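Taken together, the values in this text are just the output of simple stated rules run on the coordinates, not laboratory data. What you see is a predicted model, and the numbers here were worked out from it, not measured in a lab. Reconstructed Cβ throughout: ideal geometry from the backbone, glycine too, with neighbour counts over all protein chains shown.
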Amino acid sequence: MLEVRGLCSGYGRARVLFDVDVAVRAGQVACVMGRNGVGKTTLLNTVMGLIPAVGGSVVFDGVDVTRAPTHVRVRSGMGYAPQGHETFAPLTVLENLKVAADGLPRSGEAIEEQLELFPRLRPLLNRRAGLLSGGQAQQLAIARALVAGPRLLVLDEPTEGIQPSIVAEIVEVIGQVAARGVAVLLVEQYLDVALGLADTVTVLDAGRVVHSGQAADLSREEAARLLAV
Amino acid sequence: MRTVDTINQLLAQLPVGLSIGAVLLLAALGLNFTFGQMGVINMAHGELIMVGAYTAFVAQAWVGLPSSYALLVALPAAFAVTGLLGLALEAGLIRHFYGRPLDTLLLTFGIGLVLQQLARDVFGAPNVSVPAPPWLAGGLTVAGMHLPYARLFILALAAACVAATAYYLSRSRSGRRMRAVIHNRDLAAVSGIAVRRVDAATFFLGSGLAGVAGVALTLIGPTGPTTGTNYIVDAFLVVVVGGLGQLRGTVLAAFALGLLNAMVEPWSGASLAKVVVFAAIIVFLQLRPQGMFTVRTRALT
Ligand SMILES: Nc1ncnc2c1ncn2[C@@H]1O[C@H](COP(=O)(O)OP(=O)(O)OP(=O)(O)O)[C@@H](O)[C@H]1O
Ligand SMILES: [Mg+2]
């Protein structure tokens, strides 16, 4: 579903990513791990077109989208919940969902589906997103990314700084989404969450891939060693 | 006895203050979009107002519409003309200078000068006047205060524009998209919004409102190449004092400035009034640098 090859990018003259390869298949969870500042967010932002790629390619569903603007990638079926559970703070929860659902043939149903997936959001529909707790905002962020019915869901640390009970709910939703055939590209720092969900694991260090393979072949000890490099 | 006189004098200035406020509000409403929300310092906004005023002139003097309803045609026509002009400027020039406020300022200042010269070439340097519709002649006298219909019309027009803007932003689909882009461009793009198109739409609206302000100005004075330029500094101040991009704040700031202007002027004359108003604004911004309401905008990067 997603094929990233030899991706290079950075900020101005500062290169952050060097020749990164990642692939995600439909219905699978590909987990990207690495210590703080190794370039995980930069990778996802480049995949989504928020940062231009300096080299390499991003192919989504057989189409080269390396130069496509972000909204075109999103409309072609790539959903993204960026790091830090970002929402449109001055808009209500419902408006946040509508913004991403506008223009869909069945936007009402699409929003309803998300409320079934995240029942905690239903009583909050008319509340400003800026007033939500971190956990609620993260659920809204994922719902917003899912509302247009993407075939690829890109998530950047969805469990960061969120209370354990909601982490469990979010983990369950990610599992359900993948089970429906959506490809999931997940950046996750918590080893337990990552290894519990992942089909494949890619470990980055200093902007380069230092490990890549099936999650099943990666022992906890090996993973812990890679992340502590 | 003296205090009663003073109070009466102040009260007499109330309608003047309100109508100055309404004109300022119309001038500032468009800036509220382009400057307040997008962060673009468009120095040519005053010239867009001027183009709007000349649109009203053209509707009567060239097209030959009778003054009885030319005003009502000129309002939407000016909105379209200056809106499209603003759109063309955004797409052709200003867009390439996003995130560079100083360059934008110089660029749009230059555009303003070009537009003024064009107006001189097309309409001549002397002011022209646009006859007001007969139904706006005269006025009301309430409690000893004279309220000209033309001023009341401007007040109503400003109220209608504020209401339409508020409705558009809070209720319409594209207003929602606009708020989303203003709050967080990247998140908006990630939500499937074509942010460049929304920038263009925001500019169209802001510029179109300048045209409406220009038509309103023809009701209270003659039209010349520098019509509008006179209002631009005050309009920017209104947007800053109101708290960038805050509609409520813009409305309050416009009327506060209008009233302050009108109250101070009888004692001090027009130019000293400006000084007093500026001083008041500086003091206000010292106390409340974020404006009346909290800023919730993101400059374009
Ligand atoms: N906007 C930016 N401008 C310049 N450099 C940046 C910018 N954002 C990130 N960087 C740098 O790029 C490198 C990678 O940052 P990135 O945010 O991709 O890391 P990360 O792996 O997501 O870290 P974390 O786990 O803390 O989220 C870091 O060295 C960071 O300092
Ligand atoms: Mg990160």
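Before moving on, here are some points about what is shown:
- Of all residues in segment A:49-68, exactly one satisfies the criterion of being within 14 Å of another protein chain (Cβ to nearest Cβ), closer than 21 Å to A:I142 by Cα and away from ligand 2 (no atom under 16 Å from the Cβ), namely A:G49.
- Within segment A:89-105, restricting attention to residues that are touching a residue at least 24 places away in the same chain (Cβ under 8 Å) and part of a loop (DSSP other than H, G, I, E, B), the residue that is farthest from the other protein chains (Cβ to nearest Cβ) is A:L104.
- A:V147 vs. criteria within 16 Å of ligand 1 (Cβ to nearest atom), of a type outside the set (K, R) and within 12 Å of chain B (Cβ to nearest Cβ): no
- When A:E113, A:E86 are checked against the criterion of being more than 10 Å from chain B (Cβ to nearest Cβ), free of Cβ contacts under 8 Å to residues at least 60 places away in the same chain and among the acidic types (D, E), a single residue qualifies: A:E113.
- Selection count where residues are within 16 Å of ligand 2 (Cβ to nearest atom), part of a loop (DSSP other than H, G, I, E, B) and either surrounded by 24 or more Cβ atoms within 10 Å (Cβ to Cβ) or of a type in the set (K, R) (or both), scope segment A:69-88: 1
- Taken together, A:L204, A:L226, A:L186, A:L195 contain a single residue that is farther than 14 Å from A:L155 by Cα and outside any helix (DSSP H, G or I), which is A:L204.
- The combined condition, being closer than 15 Å to A:L186 by Cβ, within 14 Å of another protein chain (Cβ to nearest Cβ) and within 16 Å of ligand 2 (Cβ to nearest atom), is not fulfilled by A:T46.
- Among the candidates B:M50, B:M38, the residue that is within 23 Å of B:G175 (Cα to Cα) and crowded, with 21+ Cβ neighbours inside 10 Å is uniquely B:M38.
- Any hit, segment B:26-37, residues being under 16 Å from the mean Cα position of the chain (by Cα) and among the β-branched types (V, I, T): yes
- Residues in segment A:43-55 that are within 9 Å of ligand 1 (Cβ to nearest atom) and either closer than 23 Å to A:Q214 by Cα or assigned to a loop (DSSP other than H, G, I, E, B) (or both): A:L43, A:L44, A:I51.
- B:L217 being crowded, with 24+ Cβ neighbours inside 10 Å and either more than 20 Å from B:Q37 (Cα to Cα) or within 14 Å of chain A (Cβ to nearest Cβ) (or both): yes
- The residue that is nearest to B:A180 (Cα to Cα), among those in segment A:116-144 that are more than 12 Å from every other protein chain (Cβ to nearest Cβ) and of a type in the set (D, E, K, R), is A:R127.
- Residue match in segment A:124-137 (condition: within 29 Å of A:S9 (Cβ to Cβ) and within 20 Å of the chain's Cα centre (by Cα)): yes
- Selection within segment A:11-43 - more than 14 Å from every other protein chain (Cβ to nearest Cβ), on the phi > 0 side of the Ramachandran plot and either away from ligand 2 (no atom under 16 Å from the Cβ) or surrounded by fewer than 19 Cβ atoms within 10 Å (Cβ to Cβ) (or both): A:D19, A:G27, A:G37
- Just one residue in the set A:N36, A:N96 is within 15 Å of ligand 1 (Cβ to nearest atom) and of a type outside the set (K, R); that residue is A:N36.
- Per the conditions (1) more than 16 Å from ligand 2 (Cβ to nearest atom); (2) surrounded by 14 or more Cβ atoms within 10 Å (Cβ to Cβ), the sole criterion not satisfied by A:Q163 is (2).
- Residue in segment B:118-126 that is within 20 Å of B:G224 (Cβ to Cβ), touching a residue at least 24 places away in the same chain (Cβ under 8 Å) and in a loop (DSSP other than H, G, I, E, B) present: yes
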